[in-house]
Amino acid sequence: MITAQPQSFFAPVRSLLAFVLCFAINRENLPTASPHSVPSIMHSSLANISFDGNLSFDNIQHVAKDFGNIYHLMPSAVLHPKSVFDISSAIKYIFDMGSTSELTVAARGHGHSLKGQAQAYQGVVINMESLNVPAMNIQAATLPYIDVSAGELWINILHESLKHGLAPKSWTDYLHLTVGGTLSNAGISGQAFRHGPQINNVHQLKVVTGRGEIVTCSEEHNADLFHAVLGGLGQFGIITEARIALERAPKKVKWIRALYSDISTFTKDQEKLISSNDSFDYIEGFAIINRTGLLNSWRASFKPKDPVGANHFISEGRILFCLEVAKYFDPQEYKHIDKDIDTLLTKLSYIESTVFMSEVAYLDFLDRVHLSEMKLREKGLWEVSHPWLNLFVPRSRIHEFSEEVFGDIVRDTSNGPVLIYPMNKSRWKNRTSLITPEEEVFYIVAFLFSAMSSSTGKNGLEPILAQHNKILQFCQRRRLGIKQYLPHYYTQEDWKTHFGTHWELFSRRKRTYDPLAILAPGQNIFQRANSYVRHWFST
């Protein structure tokens with residue numbers, strides 16, 4: 001990292017270095033040095049630690065890549081832990097080396113970071129999927145829960161809990177992510193309006209701090225650490241175990257889509273649904289710009305309620321908004337579920353001819369994105385760059401945001417979906433590290449685009465990044481009060497702006513739990529050592 005340099009010599013060039021590194025990293029030009037360029041003393045000292053798992057210095061290039069496929073930072077070693085003590089031993093050893101070492105540590109789950117957040121340049125990456133303890137254990141009591149390893153995938157937790165007729169309350173849209181990864185951010189989907197994000201539905205955690213200490217924490221015990229690591233971007237400790245709240249799982253899902261032609265009616269109906277006690281169980285939405293044959297593409301999975309009207313609907317050249325909702329039910333409720341849905345739909349003002357419905361198993365609904373992944377993999381379109389931009393937009397500014405962004409900056413959505421749906425802040429715990437807008441209702445607007453590395457057209461990486469930059473500049477210029485979700489900034493000043501009044505608490509927690517800034521260097525928030533500066537001055 002290059003921010004907060006204590007030496008006065010570097011002060012005049014700090015801004016220049018930030019500028020240079022910004023472009024160097026985005027161009028993937030940061031040298032991916034081999035582990036052998038790291039002083040051999042670091043290799044030998046780490047290699048002398050006894051692990052239940054193993055520490056690897058060879059064939060580790062895969063951890064210098066993530067889902068974003070934009071940053072590629074080569075570590076010195078990869079730890080494949082078999083126990084929590086493996087993680088504790090590695091971090092404690094580095095902590096005890098003090099300022100004589102520049103080694104950092106990053107926890108990597110399923111590799112779905114977007115901008116190198118789980119990478120550690122010349123540091124140690126911990127492969128959390130190797131941590132298979134504890135084995136999943138369900139307690140089906142009055143308040144049921146499941147104990148899991150932080151390296152467990154949510155899809156596996158779903159399969160296991162469904163055996164007991166149970167399931168976690170809140171999800172992400174994509175389930176092939178690790179528990180530790182989503183809890184370090186938030187974990188949001190269409191259930192968040194009711195249950196809050198995944199970080200709201202955790203009873204207890206086991207954490208290894210930046211000192212190497214193993215700490216069990218909850219609302220009642222070590223509460224400050226508990227709230228710090230939830231949404232804490234990996235800055236205060238590595239989550240190794242979690243106790244996740246469960247609820248009774250439904251069997252079936254009625255899945256519905258309908259279109260709107262203006263943002264005002266669309267958001268009014270969304271906000272009506274999330275504020276009602278009698279509503280759908282899942283509420284999302286997305287923006288659609290200049291898409292040809294949209295409704296025909298839905299027919300493979302959905303049936304139109306009005307086939308004739310749907311056949312005559314034209315989407316090309318228009319800005320449309322799709323409401324996507326779902327109602328969960330069990331077979332014994334089948335007789336009245338359609339009536340219940342019709343009652344809810346009659347309160348909404350969508351375009352009548354655009355209602356499409358589908359009935360699927362609960363498991364298939366939650367794992368729906370994985371089916372799209374499989375199709376993209378077959379076409380060779382999954383291992384590409386994913387320059388995603390996720391924003392929380394205050395309710396009072398969503399129309400202003402939409403008018404500029406969807407009316408001028410983003411001309412079509414052929415590069416990927418643009419999600420847009422509201423959430424209630426009152427459903428989110430206010431003591432975690434996660435930052436949201438100040439207003440009670442805010443929207444997630446997520447530009448989930450894919451970029452072709454060989455393309456020089458609008459679907460290339462550079463044009464998409466330039467488009468995102470225009471969106472951010474507009475938000476800053478108009479002072480919309482947005483907050484980034486899965487944030488990434490290049491300077492500590494930008495991070496301070498992001499956290500606002502919460503920065504003092506965030507930095508105090510860092511001094512308490514990771515005083516040497518060993519953890520999560522890829523977030524680029526705190527300074528471990530001068531490794532980046534030294535490297536760039538020496539080349």
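The set of residues from region 202-216 being over 15 Å from residue 106 (Cβ atoms) and in a loop (DSSP other than H, G, I, E, B) comprises 211, 212, 213.
Pairing residues of region 240-261 that are within 18 Å of residue 347 (Cα to Cα) and open to solvent by 10 Å² or more (accessible area, probe 1.4 Å) with residues that are of a type in the set (Asp, Glu) and in a strand (DSSP E or B), at Cβ distances under 6 Å and at least 6 apart in sequence or on separate chains, gives 254/359; 257/324. Look at region 318-342: where a residue is over 15 Å from residue 305 (Cβ atoms) and open to solvent by less than 30 Å² (accessible area, probe 1.4 Å) and a partner is assigned to a strand (DSSP E or B) and of a type in the set (A, V, I, L, M), sitting 6+ places away or on another chain with Cβ atoms under 6 Å, you get 320/259; 320/288; 321/287; 326/253. Considering only residues of region 343-352 that are touching a residue at least 12 places away in the same chain (Cβ under 8 Å) and open to solvent by 60 Å² or more (accessible area, probe 1.4 Å), which is nearest to residue 252 (Cα to Cα)? Residue satisfying both the conditions and the ranking: 347.
Select from region 371-426 the residues that are of a type in the set (Val, Ile, Thr) and over 22 Å from residue 292 (Cα atoms) and write down the one among them that is surrounded by the most Cβ atoms within 10 Å (Cβ to Cβ). Talk me through it step by step, then tell me what you get.
Of all residues in region 371-426, those of a type in the set (Val, Ile, Thr) come to 384, 393, 398, 405, 409-410, 413, 418, 420.
Imposing the further condition that a residue be over 22 Å from residue 292 (Cα atoms) reduces the set to 384, 393, 398.
Working: 384: 18, 393: 25, 398: 23.
Selected residue: 393.
Candidates in region 179-192 are the residues that are outside any loop (DSSP other than H, G, I, E, B) and in contact with a Lys or Arg (Cβ under 9 Å, 6 or more places away or on another chain); of these, the one that is nearest to residue 235 (Cα to Cα) is 181.
For region 105-146, which residues satisfy the criterion of being part of a strand (DSSP E or B) and either closer than 20 Å to residue 234 by Cα or basic (Lys, Arg) (or both)? Explain how you work it out, then say what you get.
Here is the first cut: in region 105-146, the ones part of a strand (DSSP E or B) are 105-108, 124-127, 137-139, 145-146.
105, 106, 107, 108, 124, 125, 126, 127, listed by residue number.
Within region 71-90, residues that are on the phi < 0 side of the Ramachandran plot sit with their Cβ atoms under 6 Å from residues that are of a type in the set (Lys, Arg) and outside any strand (DSSP E or B), at 6+ positions apart or across chains, in these pairs: 71/115; 72/65. If I filter region 373-419 down to residues being under 30 Å from residue 440 (Cβ atoms) and polar (S, T, N, Q), which single residue comes out as farthest from the chain's Cα centre (by Cα)? Once the filter is applied, the top-ranked residue is 396.
What number of residues in region 25-68 are assigned to a helix (DSSP H, G or I) and modelled with pLDDT under 80? It would help to see each step written out before you state the result.
Within region 25-68, the first condition is being assigned to a helix (DSSP H, G or I), and the residues that meet it are 25-26, 35-37, 40-47, 61-64.
Applying the additional criterion that residues be modelled with pLDDT under 80 yields 25-26, 35-37, 40-45.
Qualifying residue count, region 25-68: 11.
The sole residue among 511, 431 that is touching a residue at least 12 places away in the same chain (Cβ under 8 Å), within 22 Å of residue 237 (Cα to Cα) and not aromatic (Phe, Trp, Tyr) is 431. Restricting 158, 162, 175, 153 to residues that are surrounded by fewer than 24 Cβ atoms within 10 Å (Cβ to Cβ), in contact with a His (Cβ under 6 Å, 6 or more places away or on another chain), farther than 22 Å from residue 277 by Cα and not basic (Lys, Arg) narrows the list to 153.
What tally of residues in region 473-508 results from selecting those that are aliphatic (A, V, I, L, M), in contact (Cβ under 8 Å) with a residue 60 or more places away in the chain and in a helix (DSSP H, G or I)? Quick ask: steps written out before the conclusion?
Looking only at region 473-508, we keep the residues that are aliphatic (A, V, I, L, M), and these are 480, 482, 486, 505.
Among the residues that remain, those that are also in contact (Cβ under 8 Å) with a residue 60 or more places away in the chain are: 480, 482, 486.
Filter again for in a helix (DSSP H, G or I), leaving none.
Within region 473-508, residues that are aliphatic (A, V, I, L, M), in contact (Cβ under 8 Å) with a residue 60 or more places away in the chain and in a helix (DSSP H, G or I) number 0.
The values are calculated or read from the model by the stated rules, or taken from the named source; none is laboratory data. All values reported here derive from a predicted model rather than from experimental measurement. Here Cβ is always computed from backbone atoms with ideal geometry, including for glycine, and neighbour counts include all displayed protein chains. Accessible surface areas use protein heavy atoms only, side chains included; no ligands, DNA or RNA. Shrake-Rupley method; radii C 1.70, N 1.55, O 1.52, S 1.80 Å.
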